[in-house]
Amino acid sequence: MNRQQIIRSVAIHLVFWIFWFIAPILFSSGERGFRLPEHPGYYFRSIFTIGLFYLNYFWIIERSLFQHKVVRFVLMNVVLLTLVTGFELIQQAFFHPGGRPGGAADLTQNMRPPIFLMLMGIFFSYIFIISIAVAIRTTTRWIKLDDQRKTLENENLKSELNNLKMQLNPHFFFNTLNNIYSLIQIAPERAQEAVHRLARLMRYHLYETNSEKVSLKGEIEFVDNYISLMKMRSTSLLDVKFNYSIEDNEARIAPLLFVPLIENAFKFGISNDVSSEILIEISELRNEVVMTVQNTIFDNPEAIPGHSGIGLENLRKRLSLIYPNAHEFRAESVGDKFMVLLRLKLG
């Protein structure tokens, strides 16, 4: 456990024991005021209570309940309760007024409940303390497992982001370099511009996306360069429109959320024989980002079957982890168009 978890656990135990031992004294003080119990049985019972609690907390629960061995848990506590009840009988015999061998008769003896009822009350109080130990131990374990789950989800999230970066790197850059090579002879100015865009893309991709959040302005610039290079690989029959508007230039967003949607549009929205259209819009207003992508639907024989679905599904997982209850994502086919809406609350 880290330091914060240790402090939280110690605080819970302190509050519980203060309430357990002090509250009965305060409520029973009456006109006498606050006085510590003089009867030795109170202190013996306190030792039994603490011992029973921590035996369960540190040992019995861990080696029985958490290993799904309920019978072992019950048997071990039955043995402990039997021993503790036996000690209670002994201390009642030796320390209770009028109960010691040869002791003076206690005038209030007849006013006390029968020993059986007293022992039953004590017995059930010990069962209650075991239940509290189970509740606190189980809650502590649940919090620990939840922290581990969140840590693992964060690690998986980082792995998915790195995987996305690795997917983008080789195939995309290799094809882009081939296109630039073919442009050098016929359109050197366009080739020069493409090299410049690719360099900016690589620089952003390698150095800026390692943080959990990046500048929205930088992300849109990355998208603009990405779209320009994708257009360079496409035919003249493709019409691509990209519009964006940002109200807050300091707004920050998780990196590379837009790329799968754009990649999907270019993969399934392009034909070598028929005119096609891709419309991409990104806007940021009052700390909310809205992205819409619309493309014509074509069957792309070069696309890997199921790859698009996996890409969008991975995006959904990332959104649920990074923006829980703060995002809206819809993807649907309307006629011959495929439409995507992504809405994020950045606050």
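The values are calculated or read from the model by the stated rules, or taken from the named source; none is laboratory data. What you see is a predicted model; the values in this text were computed from it and never measured. Here Cβ is always computed from backbone atoms with ideal geometry, including for glycine, and neighbour counts include all displayed protein chains.
Looking at the range 188-229, which of its residues are in contact with a strand residue (DSSP E or B) (Cβ under 8 Å, 6 or more places away or on another chain) and either part of a helix (DSSP H, G or I) or free of Cβ contacts under 8 Å to residues at least 24 places away in the same chain (or both)?
Passing the criteria: Leu216, Lys217, Glu219, Ile220, Val223, Asp224, Ile227.
Which is surrounded by 15 or more Cβ atoms within 10 Å (Cβ to Cβ), modelled with pLDDT under 90 and either outside any helix (DSSP H, G or I) or aliphatic (A, V, I, L, M) (or both), of Ile47, Ile122, Ile60, Ile90?
Ile122 is the lone residue from the list that is surrounded by 15 or more Cβ atoms within 10 Å (Cβ to Cβ), modelled with pLDDT under 90 and either outside any helix (DSSP H, G or I) or aliphatic (A, V, I, L, M) (or both).
Return only the number of the condition from (1) surrounded by fewer than 13 Cβ atoms within 10 Å (Cβ to Cβ); (2) in contact with a Phe, Trp or Tyr (Cβ under 9 Å, 6 or more places away or on another chain) that Glu247 does not satisfy.
(2)
Give the residue that is nearest to the chain's Cα centre (by Cα), with candidates limited to residues of the range 243-282 that are among the charged types (D, E, K, R) and part of a loop (DSSP other than H, G, I, E, B).
That would be Glu250.
Starting from residues that are assigned to a strand (DSSP E or B) and within 23 Å of the chain's Cα centre (by Cα), keep the ones in the range 310-347 and report whichever is farthest from Gln294 (Cα to Cα).
Once the filter is applied, the top-ranked residue is Lys345.
Pick out the one residue from Leu261, Leu341, Leu285, Leu312 that is under 19 Å from Asn163 (Cβ atoms), in the same structural domain as Asp239 (by TED's automatic domain parsing) and at pLDDT 85 or above.
Leu261
If I go through the range 43-87 residue by residue, how many of them are basic (Lys, Arg) and either under 18 Å from Ile132 (Cβ atoms) or not assigned by TED's automatic domain parsing to the domain that holds Ile127 (or both)?
1
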